[in-house]
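These notes concern the structure reproduced below.
The values are calculated or read from the model by the stated rules, or taken from the named source; none is laboratory data. Computed from a predicted model, the values in this text were never measured in an experiment. Using ideal geometry, Cβ is built from the backbone for each residue, glycine included, and neighbour counts are taken over all protein chains shown. To get the accessible areas, we keep the full protein, side chains included, count just its heavy atoms, and leave off ligands, DNA and RNA. Shrake-Rupley method; radii C 1.70, N 1.55, O 1.52, S 1.80 Å.
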Amino acid sequence: MAPFWKKSLEEFSEAEWEALCDGCGKCCTASLVDEDEGIVLHTDIACRLLDRHSCGCTDYQHRFERVPDCTRVSPDNIHQLTWLPDTCAYRLIARGKDLPAWHYLVCGDRDRVHQVGISVQDRVTSEADFEGELEDRVIAWFSLEDQEERTG
């Protein structure tokens, strides 16, 4: 039997969709988007609710009330969320690709995303501690090519 993530987006249950999250924390960082140019610049400034070590939300159940611009990622909007990194499991599945070898659903180890350097673990600053311009905090995220090179 094929793994659940091999089915079409419309067939996912809510629990299955939630299970796709690889726990990298990248979606919880601020991005600068130039829609005219199609450019997304990622920064190392994270949502105040992100636990910068575990890369999980400290108040997941109430995140939309506490952070009004928090975005719900769903099968209905995944194709419009161009700011998500190319390593994002949601984006990969929506594009018809498979999960990478480091994804916990494949390897069985939730910490693997951190071990191979895909996550933001201990590499971001909370927006609560940040003063300045986001433009000054732009960083280069791993591309899929870099990811494959790093993780074999």
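The relative contact order of the chain comes to 32 percent, based on Cα pairs under 8 Å that sit 6 or more residues apart. Going by accessible surface with a 1.4 Å probe and the largest first, LEU32, LEU41, LEU50 read LEU41, LEU32, LEU50.
Residues of region 77-100 with backbone nitrogen within less than 12 Å of a virtual label 7 Å along the Cα-to-Cβ line of ALA2, please, listed as ranges. Under 12 Å, as judged by backbone N against the label point of ALA2, lie 96-98 of region 77-100. Legend: calculated FRET efficiency, ASP36 to GLN115, from the Cβ-Cβ distance at R0 = 30 Å, rounded to 0.05, equals 0.20.
Solvent-accessible area assigned to carbon and sulfur over the chain amounts to 46 percent, based on a 1.4 Å probe. Charge dipole (Cα centre; +1 on Lys/Arg Cβ, -1 on Asp/Glu Cβ; no other charges) of the chain amounts to roughly 620 debye. Length gained on full extension, ARG72 to THR58, computed as 0.36 nm times the residue gap minus the Cα-Cα distance: 3.5 nm. Heavy atoms of the protein chains alone define the surface here; on that basis the chain has 59 Å² accessible area per residue at 1.4 Å probe size. Think of the chain as a dipole: +1 on every Lys or Arg Cβ, -1 on every Asp or Glu Cβ, centred on the Cα centre; then among GLY132, SER54, CYS28, SER54 lies furthest on the positive end.
Per-residue accessible area (protein heavy atoms, 1.4 Å probe) orders HIS103, HIS42 as HIS42, HIS103, starting from the largest.
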